[in-house]
Amino acid sequence: MPVVASYMYRSGKRAEEIPLATKPFEASGGDFAWIGLTEPTKQEMADLQAMFALHPLAVEDALNGNQVPKVDIYSDQLFVIVKTAHLEGDKITYGETCIFVGKHHLISVRHGSARSHKELRQHLEQSPQLLEHGPDYVLHGIIDFVVDGYLPVVETLEDKVLELEKHVLVSFLQPEQIRRIFRMRRHVIRFQRVLGPMGEVAGKLTHLELPCIDDNAKPFFKDVLDHVRRVEGLVGGLREIMTSVFEASNLLEQQRQGTITRQLAAWAAILAVPTAIAGIYGMNFEHMPELATRYGYFAVLGVIATLCSILYWRFKRSGWL
């Protein structure tokens, strides 16, 4: 059902339910309407536009569902877009929440968001002394709810990357694991591109003089801005970890290849001794020294064993074997 909740709030407490209609909405004093929709139809948005005098460009953006985070001012109303994020496997999937804010109304329109606002609404209704401040406090609650959802995404990705880091220390990365790192890195880079505009949204709500935003609400938005910056720092660190995992994998692989190359060279040097001696005695000459010696065969084998042992011991001490 597109209309999730539609209530009037009076003195910070939920009052009567508000049906969607085409007639203008009327409220007095500190009363305001909080309406939540998910994937609304054009007709429902047209009814809301008629009720609350919403700007047609804002309505068009809310129906689009594929916008960047931003804050737009339309006369005495605000239109805010924020991006939600949740993890599906290794992929960060995005949704969008569009928020219309007026003096006596707040309308949230969700597209592709995995988290319902039901829990948020219940939480805010438990603090009527804050909720009675009006729609700007609800706006803070929604944006803070969205930004708080970023942290589990980053922490889960970080755990997955650290598992790959442990694997790198004991064995080679398989081609699929390398591709997985690059896929996660692409998602993290895209996430950084979302966090930048989200920081701008929180910064504007904190520092600019905007309609429907009371000065007493600005410290709340500053707290949201701090949360966004914290997530940006974590994402930057996660991106560095991914880069270091790949670089460490390359270095360890080069080191292992170097060790194998040294071992092969050492064994080649050791085997060169019996090969050389056997090659000499394999020559078809009639007159060669030691050929008539009674114990020449055993002497040659002794010389080969002695030289090979010396070479093996030297290579062992030098770390080549």
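At a 10 angstrom cut-off on C-beta neighbours, averaged per residue, how do the peptides 227-240, 192-205 rank from highest to lowest?
Descending mean neighbour count gives 192-205, 227-240.
In segment 33-90, carbon and sulfur make up what percent of the accessible area (probe 1.4 Å)?
49 percent
Can you give the relative contact order of the chain as a percent, counting alpha carbon pairs under 8 Å and 6+ residues apart?
15 percent.
Assuming R0 = 30 Å, what is the FRET efficiency of K222 and Q43, from their Cβ-Cβ distance, to the nearest 0.05?
Once rounded, the FRET efficiency stands at 0.20.
Using helices alone, what [θ] at 222 nm do you get for the chain, with -39,500 (n - 2.57) per DSSP H run of 4 or more residues, divided over all residues and rounded to the nearest 500?
Calculated mean residue ellipticity at 222 nm is -20000 deg cm²/dmol.
Just to verify a number: what accessible area does S318 come out at with the full protein assembly present, 1.4 Å probe, Å² rounded to tens?
So the heavy atoms of S318 present about 70 Å² to solvent.
Rounded to the nearest 0.05, what FRET efficiency do D76 and E176 have when you use their Cβ-Cβ distance and R0 = 51 Å?
So, using R0 = 51 Å, E works out to roughly 0.40.
Would you mind computing, in nm to one decimal, how far apart the modelled labels at D159 and E200 are, each placed 7 Å from Cα along Cα→Cβ?
3.4 nm
What are the membrane-span-like helices in the chain by this rule: whole DSSP H runs, Cα extent along the axis at least 24 Å, mean Kyte-Doolittle hydropathy at least 0.5? It would help to have the intermediate numbers written out before the result.
Working: long enough: 150-170 (32 Å, 0.38); 175-207 (48 Å, -0.48); 218-281 (95 Å, 0.24); 296-318 (33 Å, 0.91).
Correct list, ordered by number: 296-318.
Please report, in whole Å³, the volume per residue of the convex hull around the C-alpha atoms of the chain.
189 Å³
Please compute the Kirkwood hydrodynamic radius over segment 72-231, one decimal place, Å, based on all pairs of different Cα atoms.
17.3 Å
How many Å² of accessible area per residue for segment 1-129, probe 1.4 Å?
48 Å²
Can you tell me the alpha carbon radius of gyration of segment 158-232 divided by the globular rule-of-thumb value 2.2 N^0.38 Å?
Numbers: Rg = 19.1 Å, N = 75, 2.2 N^0.38 = 11.3 Å.
Here the answer is 1.68, to two decimals.
Give the dimensionless ratio obtained when the Cα radius of gyration of segment 11-51 is divided by 2.2 N^0.38 Å.
1.27
Between L264 and E240, what length comes free when the chain is fully extended (0.36 nm per residue of separation minus the Cα-Cα distance, one decimal in nm)?
Gain on extension, L264 to E240, equals 5.0 nm.
Assuming a viscosity of 1.002 mPa s and a temperature of 20 °C, what translational diffusion coefficient in µm² per second does Stokes-Einstein assign to segment 18-98, Rh being the Kirkwood radius over Cα pairs?
Values: Rh = 14.3 Å.
D = 150 µm²/s.
At 1.4 Å probe size, with no ligands or nucleic acids counted, give the accessible surface of K13 in Å², nearest ten.
Approximately 130 Å² for this residue.
Using label points projected 7 Å from each Cα along Cα→Cβ, tell me how many nm separate N64 and E119, to one decimal.
3.0 nm
Once the piece of chain linking I189 and R314 is laid out straight, how much longer is it, given 0.36 nm per residue of separation minus the C-alpha distance between them?
Full extension from I189 to R314 adds 39.9 nm.
If each of T306 and H55 carries a label point 7 Å out from its Cα toward its Cβ, how far apart are those two points in nm?
9.8 nm
The values are calculated or read from the model by the stated rules, or taken from the named source; none is laboratory data. Quick caveat, the model's predicted, so the values are computed rather than measured. Cβ atoms come from the backbone with ideal geometry, glycine included; neighbour counts cover every protein chain shown. All accessible areas refer to the heavy atoms of the entire protein, side chains included, with ligands and DNA or RNA removed. Shrake-Rupley method; radii C 1.70, N 1.55, O 1.52, S 1.80 Å.
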